[in-house]
Amino acid sequence: MGIRERLSGNEAIAIAFKQINPDVMGAFPITPSTEIPQYFSQYVANGEVDTEFIAVESEHSAMSTCIGASAAGARAVTATSSAGLALMWELLSVAASARLPITLACVNRALTGPININCDHSDSMGARDTGWIQLYSENNQEAYDNMLQAMRIGENSKVMLPVMVCQDGFITSHAIENIELLETEKVKDFVGEYRPENYLLKKENPVSVGAYATAAYYIEAKRAQAQAMINAKEVILEVAAEFEKVTGRKYGFFEEYMMEDAEEAIVVIGSTAGTAKEAVRIMREEGKKVGLIKIRVLRPFPMKELAAALSHVKSVAVMDKAESFSACGGPLFAEVRSALYDCKTRPLMINYIYGLGGRDVTVENIQYAFESLKEIKTSGEAGETYRYLGVRE
C-alpha cells in the first residue's frame, strides 16, 4: 500500500529525488522550478540524503556540474525551466553525446520574449533534438512516477542517455493534488544502484569524456547515439511493465482515451489532457464518437505505434503548446503528421497552436476543436491546417 499525500508537482519531484538519494545535484533557481532544489536543499541540510548539493551561479554551470559528476561515475540530477534550459543548450548536447544518464526535471515555461513566466512547451520542445529522452506528465502523480522510471531508463546499459521529465509550470508544479507515493525502500529497490561500466575514476579502464572527434570518427559516434535512442523504446516499455507490477499504475508511450471507435481525435501533451478528457466525456454522453491520445514519450518518438492508434480515425487535431515558427505548424504536428505518412488510409489532419505564455484552455476550447474536426470529416477537406486556438485576431 502506497503513502497517500497531498503535494504540489514540484514537491513530488523533490521527494522522488529524496527517495532516490542521488550522489550530486547541481542547481540554480528559476521560476517555476525553483521549489525543487529549494525543497531538496532542506533534505540535504537535515541530513535526510547523502547528496552533494552544489549551488552554482547559472544553469550552464548546473549542467556542467552534472556532466562532471556523471562522467566520474556519480548519479546526477538537476531541475530547471525556460531560459534556464536555454542557457544549458550547449551542454544538453554534450551530456547526450557523452552518453551520461543525467536526470533533469523540466518545469515547462515559455521562452522569452516577450518576458513571460507562465507555462507553454517552447523550452523542452526546443530541446527535443539535443539527444535527451523526453517524458511528459499530465499531473503530479505522473511527474513523480515518470521521475522514478527515468532513472531506470537512462541508466540501462542499452541506453545510457540523459532523461528530461517534463511537467507544466504552475498548472501542476504549484497545484496541490492527491498523490500516492511509494515507500522509500520500494523506490530504492526499483531504481537500484547506479553501476556504470566505464567512468573517469575507474583506474582499471581509463577513458576520455568529451574528446575531439574528427570527420573520421564523428558520424560513428552519432550512429551509436542514435541506436541508443532506438533501444530506449524497448527499455521504456520494460521499465513501465515493472513499475506497474510495483504500483498498479500502467504507462506506455501514450495513453488512449475513448479511442476504440473514435472518428475524431485530438493529440495532446501535458496537463491539457485533463481538460480534453472532460470535453471528450461530455461529448461522448451526447453520442459523439470522439477520442484523445495523450503523448507521454516524445523522445524516442513512437512513430509506428502512434500511426496504428490513429489510422482508423477520420480527422485529427494535433494540439501544440509551442510554436516552431516553420510557418506551417507546431513541432508535435510535424512529428504526428510524418508518422501517418506511410499509412494506407490516414485521417485528415489540422494543427492548433494554443496556450502560449499560459493562455488558459477550457473545455469549450477543446469542444470547438472537435466541432472543426466534425466539419472536416463531413466535407472531406482539411482546409487550412495551421490554426490558432483561443487567440484574439
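The values are calculated or read from the model by the stated rules, or taken from the named source; none is laboratory data. As the structure is a computational prediction, the values presented were derived from the model and not from experiment. We place every Cβ from the backbone using ideal geometry, glycine too, and count neighbours over all the protein chains shown.
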Check: Tell me, which helices (runs of 4 or more DSSP H) lie completely within segment 296-389 with 1 or more residues that are polar (S, T, N, Q) and not assigned by TED's automatic domain parsing to the domain that holds SER82?
Finding: 331-339, 363-379
Next item on the list: Starting from segment 1-25, take each residue that is modelled with pLDDT under 95 and list its partners that are part of a helix (DSSP H, G or I), counting only C-beta distances under 8 angstrom and pairs at least six apart or across chains.
Entry: GLY2/THR247
Notebook entry, point to check: What number of residues within segment 110-145 satisfy the criterion of being over 23 Å from VAL94 (Cα atoms) and of a type outside the set (A, V, I, L, M, F, W, C)?
Noted result: 14
Next item on the list: Identify, by number, the condition in (1) crowded, with 24+ Cβ neighbours inside 10 Å; (2) in contact with a helix residue (DSSP H, G or I) (Cβ under 7 Å, 6 or more places away or on another chain) that SER122 doesn't meet.
Entry: (2)
Next item on the list: Could you please tell me which pairs satisfy a Cβ distance under 8 Å, a separation of 6+ or placement on different chains, a first residue in segment 31-47 that is under 13 Å from PHE170 (Cα atoms) and touching a residue at least 40 places away in the same chain (Cβ under 8 Å), and a second residue that is assigned to a loop (DSSP other than H, G, I, E, B) and of a type in the set (Val, Ile, Thr)?
Entry: THR31/ILE117; PRO32/ILE117
Notebook entry, point to check: Which one is surrounded by the fewest Cβ atoms within 10 Å (Cβ to Cβ) among residues in segment 90-104 that are among the β-branched types (Val, Ile, Thr) and closer than 14 Å to ALA150 by Cβ?
Noted result: THR103
Notebook entry, point to check: Identify, please: which residue in segment 256-293 is under 21 Å from the mean Cα position of the chain (by Cα) and among the charged types (D, E, K, R) and is, among those, surrounded by the most Cβ atoms within 10 Å (Cβ to Cβ)?
Noted result: LYS277
Item checked: Test result for TYR388, surrounded by fewer than 16 Cβ atoms within 10 Å (Cβ to Cβ) and within 17 Å of VAL268 (Cβ to Cβ) -> yes
Next item on the list: Name, by its number, the condition in (1) surrounded by fewer than 18 Cβ atoms within 10 Å (Cβ to Cβ); (2) closer than 21 Å to SER64 by Cα that does not hold for THR34.
Entry: (1)
Margin query: Go through segment 30-79 and report how many residues are part of a loop (DSSP other than H, G, I, E, B) and of a type in the set (Val, Ile, Thr).
Written below: 6
Item checked: From the options ARG195, ARG152, residue that is of a type in the set (D, E, K, R), assigned by TED's automatic domain parsing to the domain that holds PHE243 and modelled with pLDDT of 95 or more -> ARG152
Next item on the list: Could you tell me which residue of segment 294-311 is surrounded by the most Cβ atoms within 10 Å (Cβ to Cβ), considering only residues that are of a type in the set (A, V, I, L, M) and over 18 Å from ASN146 (Cα atoms)?
Entry: LEU310
